[in-house]
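J.: Structure in structure tokens, see below.
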Amino acid sequence: MTSSPASGPADLAPPARTARFGTALAVAITSGAVIAVQGKLNGELATRGAGALVSSWFAYVGAFVMAVVLLTALGRLGPAVRALRGARWWWFAVGLCSVPLVMSMAVGIPVVGVALASVCSVAGQTVSGLVLDSRGVGLDAPIRLTVRRAVAGLGALVGLVVAVLSSPGPSTGTVLAAIGTGLFLFVGGLLLSVQSAGNGVVAARTGDPLVPTVASVVGGLAGISLVCAVAAVVGGLSEVTLPPLSTDWWVYLGGPLGAIITVSAAYSVRTLGTFALTLSIVGGQLVMALVLDIGGGVGASWSTIVSVLIIAASVSLTVTRSRAAGTDDRVA
């Protein structure tokens, strides 16, 4: 399918640009809340016998099914299939960038809780987003690394340090496990921003954010299936047990939610940029994560609350400037 590139913020009049920015911001914040719920569900599936690998595989299968259902319901399945037939290899390869984060969230949430896992992954996304925006990946033009954006990125990193190093634990081993888990989540966040930027490019070329969603999910599913196959051969899945659908059906809903998250990011990234997208998403993600932790009996330590406040300030610093400046920070 051949389509003209989607118009970017610079192509719109100021009122239309403001409205588009507001819509993209609302979508990003909402998807952030969905990310926290998805991570909680994947973590539950992992701890109930599926393990990190198998729960990650189910997440991709569910996302693929959901993407196909959405395309069918919207009457866009045929055009999407035609677009994917002419896809470049990297449309699918960017899907591999989400595999480390999906796995690390499944492993990390039972160890450190939803909010702390979210803080760690967001720090990685923040650093990666600054770099990608400065190079113009997925955007109409590069966005300069201003002092304001650098301070916002530094704030996200400070939030990570406060959260991870202040993690309480009854033993040194527990503290080291928390730090190791935090680093794993950080790397996963770095790679996830690459996926968001790549999907933004594909969405602009095809004019449909569902097309990069399907391509990413297919690529990620292929990657995680290969990992699962290797693990099965060496006996790494011998103790896997699946929760019964009759009573624990809800722990399998992480995958369908993942499709919604990917569509939202592909839609919003071209308007917000990868960095502002990341920090907007985390505004919804961390608030929902705190609600889930408190509601689930995990509670929220002072360090987690401080981390959330620091990163929330970084979100505000970036988003208010982006809304006010329009394209002022973009390199002509």
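J.: Residues of region 20-41 being open to solvent by less than 10 Å² (accessible area, probe 1.4 Å) and either without any contact (Cβ under 8 Å) to a residue 12 or more places away in the chain or more than 12 Å from the chain's Cα centre (by Cα) (or both), which ones?
T.: A24
J.: If you don't mind, another one. Could you tell me which residue of region 110-128 is least open to solvent (accessible area, probe 1.4 Å), considering only residues that are at pLDDT 75 or above and farther than 16 Å from L286 by Cβ?
T.: S128
J.: Hey, L145 hits all of (1) at pLDDT 75 or above; (2) in a helix (DSSP H, G or I) but one; which does it fall short on?
T.: Exception for L145: condition (2).
J.: Another question, then. For L226, state whether it is open to solvent by 20 Å² or more (accessible area, probe 1.4 Å), outside any loop (DSSP other than H, G, I, E, B) and not β-branched (V, I, T).
T.: Working: open to solvent by 20 Å² or more (accessible area, probe 1.4 Å): yes; outside any loop (DSSP other than H, G, I, E, B): yes; not β-branched (V, I, T): yes.
Yes; evaluated as a whole, the condition is true for this residue.
J.: While we're on this one: Go through the residues of region 235-247 one by one and say whether even a single one is over 23 Å from L77 (Cβ atoms), open to solvent by 10 Å² or more (accessible area, probe 1.4 Å) and within 19 Å of the chain's Cα centre (by Cα).
T.: no
J.: Quick check, is A276 open to solvent by less than 40 Å² (accessible area, probe 1.4 Å), assigned to a helix (DSSP H, G or I) and modelled with pLDDT under 75?
T.: no
J.: Quick one: A73 ticks every box in (1) surrounded by 21 or more Cβ atoms within 10 Å (Cβ to Cβ); (2) free of Cβ contacts under 8 Å to residues at least 40 places away in the same chain; (3) not hydroxyl-bearing (S, T, Y) bar one, so which box is it?
T.: If we test A73 against (1) surrounded by 21 or more Cβ atoms within 10 Å (Cβ to Cβ); (2) free of Cβ contacts under 8 Å to residues at least 40 places away in the same chain; (3) not hydroxyl-bearing (S, T, Y), just (1) comes out false.
J.: Continuing with this model, one more query. Would it be correct to say that D140 is at pLDDT below 70 and closer than 30 Å to W89 by Cβ?
T.: yes
The values are calculated or read from the model by the stated rules, or taken from the named source; none is laboratory data. A quick note: this is a predicted structure, and the numbers were derived from the prediction, not measured. Counting neighbours? That spans all protein chains shown, and the Cβs are built from the backbone with ideal geometry, glycine included. Heads up: the accessible areas ignore ligands, DNA and RNA and are worked out on the full protein's heavy atoms, side chains in. Shrake-Rupley method; radii C 1.70, N 1.55, O 1.52, S 1.80 Å.
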